[in-house]
Amino acid sequence: ELVEHDIPVRILTRSPAVVRDVDLFKRAGDLISVGTSIPSFDTELVRAIEPGTPPPRARWKALYQLRKAGVNVFVSFSPTYPGMTDQEIDTLLGHFRALGQVVVFHEPINPRGENLLLLREAVQKLDRPELEKRLEMLQSEQKWIKYAIEQINRVHLRAEKLYPDLHIHSWPDRELIENTSGHLSDRLAEMRQAIPAEPFDEKSQS
């Protein structure tokens, strides 16, 4: 119905079953963009924090299948975790680039509400004391701000170095923007308000 009325649609799902609708997506052309969240390729960690969801590599394979069929795709690289190495980030960025010149929406962990508590409980079951310690530190507002800014910058720098044509679109949480000031706050706000370089958005702006 949306496509028939010329309304752009962005679909975000963790389910590889989305490939069932590839024919519909192909008919929709640039009216549609399909994406999935891939925070890490650490299957054990993702299984713990996202119980019952398909593994991250299965999600990537679904996007790859859609991309090969000519469907516009995007990636939600979110949330990224404290302690991720450059090698981990580089591996993920490499897989994202293999999908083509896609937009990658990036956001670090936000400790608001029960998010952090639930994450810590999940990590405790994995017996990963170092990661648990890093998550505990994020309870401090200032340490969370420092971590989030560093993580955003690191992802951008790694992408610029390795894949300059990969579009990284950061989505700083409003809480992060509100807890910074001056030039930094303005820069984060600009990131959040920027329009991603997607055919989907070009169509929606026309």
>> What does the C-alpha gyration tensor say about the overall shape of region 40-117? Classify as rounded when a/c is under 1.5, otherwise prolate if a/b is larger than b/c, or oblate.
In response: prolate
> FRET efficiency for residue 184 and residue 97, Cβ-Cβ distance as r, R0 = 41 Å, nearest 0.05?
Replying inline: 0.90
> Picking from 172, 37, 149, whose Cα lies most toward the positive end of the charge dipole for the chain (charges on Cβ: Lys, Arg +1; Asp, Glu -1)?
Replying inline: 37
> How large is the charge dipole for region 25-173, taken about the Cα centre, if only the Cβ atoms of Lys, Arg (+1) and Asp, Glu (-1) carry charge, to the nearest 20 debye?
Replying inline: 560
>> Cut-off 10 angstrom, C-alpha nodes, Gaussian network model of the chain. Which of 32, 177, 168 fluctuates the most?
In response: 177
> What accessible area per residue comes out for the chain, rounded to a whole number of Å², with a 1.4 Å probe?
Replying inline: 54
>> Only four residue types carry charge here, +1 at the Cβ of Lys and Arg and -1 at the Cβ of Asp and Glu. Report the dipole size of region 118-182 about the Cα centre in Debye, rounded to the nearest 20.
In response: 200
> Cα axis of helix 182-193 to longest principal axis of the chain: angle in degrees, 0 to 90, nearest 10?
Replying inline: 30
> In the structure shown, do any of 26/161; 68/161; 26/61; 61/161 have a Cα-Cα gap over 29 Å, and if so which?
Replying inline: 26/161
>> Accessible area of region 106-174 with a 1.4 Å probe: how many percent of it is carbon plus sulfur?
In response: 49
>> I'd like the distance separating the alpha-carbon centroids of region 10-40 and region 80-102, in whole Å.
In response: 20
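The values are calculated or read from the model by the stated rules, or taken from the named source; none is laboratory data. Model, not experiment: these values are computed from the prediction. Counting neighbours? That spans all protein chains shown, and the Cβs are built from the backbone with ideal geometry, glycine included. Quick note on the areas: whole protein, heavy atoms, side chains included, nothing else; ligands and nucleic acids left out. Shrake-Rupley method; radii C 1.70, N 1.55, O 1.52, S 1.80 Å.
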